1. Pairs of Cα atoms under 8 Å, at least six residues apart: use those to get the relative contact order of the chain, whole percent.
2. Any idea how far the Cα center of the range 22-97 sits from the one of the range 115-166, in Å?
3. If the cut-off is a Cα-Cα distance under 13 Å, which aspartates and glutamates reach residue 117, setting aside same-chain residues fewer than 8 apart in sequence?
4. Over 20 Å between Cα atoms, which of 95/136; 152/196; 135/173; 36/135; 36/60 qualify?
5. So if I place +1 on the C-beta of Lys and Arg and -1 on the C-beta of Asp and Glu, and nothing else carries charge, what would the dipole magnitude of the chain be about its Cα centre? I want it in debye, nearest 20.
6. Looking at the square roots a ≥ b ≥ c of the eigenvalues of the Cα gyration tensor of the range 154-199, which shape do they give, rounded for a/c under 1.5, prolate if a/b is larger than b/c, or oblate?
7. So for the range 3-106, considering every pair of alpha-carbon atoms, how many percent are separated by more than 16 Å?
8. Take every Cα pair under 8 Å in the range 154-199 that's 6+ residues apart, average their separations, divide by the length, and report that relative contact order as a whole percent.
Amino acid sequence: MTFEQSVRAALQRVDGAFGIVVINKQSPDMMIAARKGSPLVLGVKDKEFFIGSDISPIIKHTQNIIYLEDSQMAIIDGTDYKITSIDKDISLPKKIEKIDIKIDDYDKGKFEFFMHKEIHEQIDTISNTINGRTKKNSILLQGLSEYWPQIKQADKIFITACGTSWHAGLIGKNLIERFAEVPVHVEYASEFRYNKDSNR
């Protein structure tokens, strides 16, 4: 199989959510990006390409953005690219969006410190976080939906994370235990393998 075919075949066997970029030393001019559940964007500028989970690191290079949809792949080959499906070897339309955002919007702006700026941007941050994860007053959690039957039967839930995500996990623990009434354990991802319960 070709590099592209190999990546497609492998991703069809992957469970859960992912946003991934694959490179191959035998094809140094090719790079493959793919997503399922997790966000992934492609920036296009002439013969240059930029990949990220958000537009913030890309916007200073180009305002031409492609938001990859679920189960899509971006095949970058030298100075050209195409959008395909993870499930089938078919080419899909290149939906380029012109993002009208200035780089100053991602700088400190009128604030002296980034933390001060981030505190004042919390309301936008929350909106951006849930954007694309709600539809007709329902919550969309791609990558988890097909596992709901098993999740509903769980006796306990483990959340593994590091840093800020660990603190977010503590909030998730509070909410899950309050509304789902299922015990939740929040563990540092680097230490989880040593937890005796993780092997059950």
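1. Working: 268 pairs, mean separation 26.9, N = 200.
Relative contact order for the chain comes out at 13 percent.
2. Going from one Cα centre to the other spans 24 Å.
3. Within the straight-line limit of under 13 Å, residue 117 reaches these aspartates and glutamates: 104, 105, 107.
4. Violating the 20 Å Cα-Cα cut-off are 95/136; 152/196; 135/173; 36/60.
5. Here the chain has a charge dipole of around 340 debye.
6. Working: a/c = 3.87, a/b = 1.23, b/c = 3.14.
Because a/c hits 1.5 or more and a/b fails to exceed b/c, the range 154-199 counts as oblate.
7. Working: 2997 of 5356 pairs.
The answer is 56 percent, as a whole percent.
8. Numbers: 52 pairs, mean separation 20.8, N = 46.
Answer for the range 154-199 is 45 percent.
We did not get these values from a lab; they are worked out from the coordinates using the rules stated. Keep in mind that what you see is a predicted model, and the values were worked out from it rather than measured. All Cβ positions, glycine included, derive from the backbone under ideal geometry; neighbour counts span all protein chains shown.
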